[in-house]
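Enquirer: My structure is below; once you've seen it, I'll send some questions.
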Amino acid sequence: MNFYRLINMHTQSKLQRLLFEKILGKYSNQSVAIQELMEILSIAKDGIHNRKNGKILLKAAEIKSLAQHYNISIDELLIKVSNKTFFSHNLHQKTITSFRDYLLSVNHHVTYFSKLPKNKIYYASRDIPIFFYMMFPNLLSFKLYIYGLTTWYFDYLQDQKFNFDIVKHEEHQIAKKVCTLSCSFNSYHIWTHSIIEQTLNQIEYIAFDGKFEKKEIAITLCNEVLSVIQHCEAMAEAGRKFLPNGNFTDSYGEFHLFHNELASFNNSILAISNQQKLVFNTFDNPNFLFSNDKKLGDSTENWFKKLVKQSESLSVQSELHRKKYFNQLYKKIDRFQKRLETIFEFHL
């Protein structure tokens, strides 16, 4: 046999063994793992066992499918270097050419994580977290419109004024699914007083630029920002997550909200289960980098735990701090609404 071919086969066999070890380590029940692998690769049970045992080598397309589905870095498996951390970028998985592409990408990660046992997330944010503005369709439409203009550079939006129909019903349904799934796991959120400022600034800019079809659209958006904050206050008071106009159930996760003005952070998420830790960080918002590197996951968890200890709780029993914090946000929204009226009266 050709020497180089033998080396390649050895490398692929090693990769395949490491890949299956990584995948099977995510499951407590091997039969469930085999069943899901059958669905992912569209092959019979014997085919999975033969590949798992190394009797049949995985095809390149099969390796790619498994790595993408389970968020596994092939580089990390083959290059065991202690001072290297491997990241993926959501745009490397699929170019964003529509709102649907982005929402499906988010849905993929949330669906995957929701299936892992004993899951929870830490979320440090200086803007309204995606899971919360997704709960309010009009605000979601506006945020996607902004990202389409500034991040994804959709040509058809450049000269188009904003209206609520810009996001399709199918896309809102994907977002609704994401919201429901996100309510299932326990969450620890760290906010600052600037949590709504970026969104309000975006509304103001679009108003100045004359890109609202009518004044009432901007006013509706202000009211939705208010609704998001009111909903988050209600969840913080209950200590549980739930959907707008609904009540929390046993299937919904805990909601722990904290306030911190001193620490320096951007939009960062740590998703933890008893099987792995996933780190997400916005790169060119709302696009994101993500990694399942264990060392990074451990250090990020330590950072979040210290951040929580340094922060002021706004949940459940912390009524005085909670009211003080949210009242400041309500005053900001009220002042902004009055300024918005002035913009429409004198500048447009």
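Readers should treat all values here as calculations from the given coordinates under stated rules, not as data from a laboratory. These numbers come from a predicted model, not from an experiment. Cβ atoms come from the backbone with ideal geometry, glycine included; neighbour counts cover every protein chain shown.
Enquirer: Between 0 and 90 degrees, rounded to the nearest ten: what's the tilt of helix 3-24 against the longest Cα principal axis of the chain?
Expert: Here the helix axis deviates by roughly 50 degrees.
Enquirer: Order by neighbour count: F132, F344, fewest other Cβ atoms within 10 Å first, most last.
Expert: Fewest to most other Cβ atoms nearby, the residues stand as F344, F132.
Enquirer: Further question on the same structure: Once every DSSP H run of n ≥ 4 in the chain is given -39500 (n - 2.57) and the sum is divided by its residues, what mean residue ellipticity at 222 nm do you get, rounded to the nearest 500 deg cm²/dmol?
Expert: -17500 deg cm²/dmol
Enquirer: Where in segment 107-124 does the amide nitrogen come within less than 11 Å of the point 7 Å from the Cα of F164, taken along Cα to Cβ?
Expert: From segment 107-124, the list is empty.
Enquirer: Expressed as a rounded percentage, what relative contact order does the chain have, with Cα pairs under 8 Å and six or more residues apart?
Expert: Worked out over the chain, it gives 20 percent.
Enquirer: When ranked by the protection proxy of mean other Cβ atoms within 10 Å per residue, highest first, what sequence do the peptides 172-180, 326-334 form?
Expert: Order by mean packing, descending: 172-180, 326-334.
Enquirer: Something else now. What is the distance, in nm, between label points placed 7 Å from the Cα along the Cα-to-Cβ direction at N107 and at A44?
Expert: For the pair N107/A44, the computed spacing is 3.3 nm.
Enquirer: Relative contact order (percent) for segment 238-313, with alpha-carbon contacts under 8 angstrom and 6 or more residues of separation?
Expert: Averaging sequence separation for qualifying contacts and normalising by length gives 25 percent for segment 238-313.
Enquirer: Find the centroid of the Cα atoms in segment 100-176 and in segment 275-348, then give the distance between the two in whole Å.
Expert: 16 Å
Enquirer: Among 193-204, 19-30, how do they line up by average Cβ neighbours within 10 Å per residue, starting with the highest?
Expert: In descending order of packing, they fall as 193-204, 19-30.
Enquirer: Taking R0 as 25 Å, what FRET efficiency do you get between Y205 and K176 from their Cβ-Cβ distance, rounded to the nearest 0.05?
Expert: 0.35
Enquirer: Let me spell out the model: positive unit charges on the Cβ of Lys and Arg, negative unit charges on the Cβ of Asp and Glu, origin at the Cα centre of segment 300-348. What dipole size does that give, in debye rounded to 20?
Expert: Charge dipole of segment 300-348: 220 debye, to the nearest 20.
Enquirer: With label points built 7 Å along Cα→Cβ from the Cα atoms of K294 and K331, find their separation and express it in nm.
Expert: The answer from the label model is 5.0 nm.
Enquirer: Exceeding 23 Å between C-alpha atoms, which entries from my cross-link table qualify? They are K64/K168; K45/K118; K211/K241; K118/K305; K14/K52; K143/K323.
Expert: K64/K168; K45/K118; K211/K241; K143/K323
Enquirer: Got a sec to turn the phi values of segment 52-58 into Karplus ³J(HN,Hα) couplings, 6.51 cos²θ - 1.76 cosθ + 1.60 with θ = phi - 60°, whole Hz, x for Gly and Pro?
Expert: The phi angles translate into 5, 8, x, 6, 10, 7, 5 Hz.
Enquirer: Here's another thing I want to ask about it. Picking from P137, A271, F344, whose Cα lies most toward the positive end of the charge dipole for segment 88-346 (charges on Cβ: Lys, Arg +1; Asp, Glu -1)?
Expert: Farthest towards the positive pole: A271.
Enquirer: Using the Cα centre as the reference, give the magnitude of the dipole from point charges on the C-beta atoms of segment 212-348 (Lys, Arg: +1; Asp, Glu: -1; all else neutral), rounded to the nearest 20 debye.
Expert: Here the size comes out at about 340 debye.
Enquirer: Based on the alpha-carbon gyration tensor of segment 190-348, what equivalent-ellipsoid semi-axes (square roots of 5 times the eigenvalues) come out, in whole Å, largest first?
Expert: With the √(5λ) rule applied to segment 190-348, the semi-axes are 32, 20, 15 Å.
Enquirer: What residues qualify as long-range amide H neighbours of W191, i.e. H under 5 Å apart, gap of 5 or more or another chain, H built at 1.01 Å from N?
Expert: F258, H259, N260
Enquirer: So if I restrict to the alpha-carbon atoms in segment 3-78, what is the Rg, and what is Dmax, the biggest pairwise distance, in Å?
Expert: In order Rg, Dmax, the Cα atoms of segment 3-78 give 12.1, 40 Å.
Enquirer: Counting only residues 5 or more places away or on other chains, whose amide H sits under 5 Å from the amide H of F212 once H atoms are built in the peptide plane?
Expert: F162
Enquirer: Round to a whole angstrom and tell me the spacing of the C-alpha centers of segment 187-215 and segment 53-76.
Expert: 42 Å
Enquirer: A further question follows. Please check which bits of segment 192-227 a label hung off N285 would reach, taking the label as a point 7 Å along Cα-to-C-beta and the cut-off as backbone N under 20 Å.
Expert: Under 20 Å, as judged by backbone N against the label point of N285, lie 192-209, 221-227 of segment 192-227.
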